[in-house]
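Before any comments, here is the structure.
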Amino acid sequence: MKQFKLFLVIFTLLFSSVAYAKTVTLSVTHPNAKYGVFSTYNLKVKPLNDGTRRVKLLEDLIFIDSKGKKWTSPKGSVVDGATIPEVFQGFIGTPYGGQYVLASVIHDIAYDEKKESWQDVHQAFYDAMLASGVEARKASLMYIAVYEASSRWGENQNEHLTDQKILSLVGADTVTEKDLKEIGNSLIKLLEVINFNN
């Protein structure tokens, strides 16, 4: 509990310094072009300073996925980092603070526009995380959470990932006893956070 409170204090200090900055650069430091490429790995944004975590893009962000599909988040777009629910930020990271930051921007815009299927939008998020250098297991867990918990539109709204697909995504064939303990500890911490927030 003390660690979580310390995290909140540090996050508040960091967020307040970002919230009142004129321009902020959202960066990815270890990209992996095998899964796709971004137009920039140092995206300039401007906090709106409206009491929210929303920022305005000061340039286009384009992601070309491994299949050649172009995903564009245009200059002037406003994102809020909603891809990462607050309850998970203590474990995953803040909306603008991890290797997944550019993937989050791509997902936020595509999710809001709803021009593509909800499945394709979430797949783009997953591919963009891997292209950003997010560790595969973390990217898989974030993808599963978004796929299963986000709103849906268009066709196949009752579709869910199969158990086999989930096990494949998290590399169940390579899960060790140590991994299971880490997963168990993470779930316990998550439950503590949920209980703390209620």
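What the table below lists for this structure:
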quantity	calculated
All positions within the stretch 99-150 that are of a type in the set (A, V, I, L, M) and not in a helix (DSSP H, G or I)	V134
Those residues of the stretch 152-168 which are within 20 Å of Y100 (Cβ to Cβ) and either small (G, A, S) or at pLDDT below 80 (or both), in sequence order	I166
Residue pairs meeting the criteria (Cβ under 6 Å; at least 6 apart or on separate chains; first more than 18 Å from K165 (Cα to Cα), in the stretch 120-141; second at pLDDT 90 or above and not aliphatic (A, V, I, L, M))	A128/F63; A131/Y35; A131/G36
Yes/no for D127 being surrounded by 17 or more Cβ atoms within 10 Å (Cβ to Cβ), modelled with pLDDT of 90 or more and not aliphatic (A, V, I, L, M)	yes
Qualifying strands (runs of 3 or more DSSP E) (wholly inside the stretch 12-73; at least 3 residues being at pLDDT 85 or above and either surrounded by 13 or more Cβ atoms within 10 Å (Cβ to Cβ) or touching a Phe, Trp or Tyr at 6+ places or on another chain (Cβ under 9 Å) (or both))	36-38, 42-47, 55-57, 61-65, 70-73
Search result, residues across the stretch 138-151 that are more than 17 Å from G81 (Cα to Cα) and surrounded by fewer than 16 Cβ atoms within 10 Å (Cβ to Cβ)	E148
Those residues of the stretch 36-76 which are among the hydroxyl-bearing types (S, T, Y) and closer than 20 Å to T23 by Cβ, in sequence order	S39, T40, Y41, T52, S73
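The values are calculated or read from the model by the stated rules, or taken from the named source; none is laboratory data. All values derive from a computational prediction rather than experimental measurement. Because the Cβ atoms are built from the backbone with ideal geometry, glycine has one as well, and the counts that use them run over all protein chains shown.
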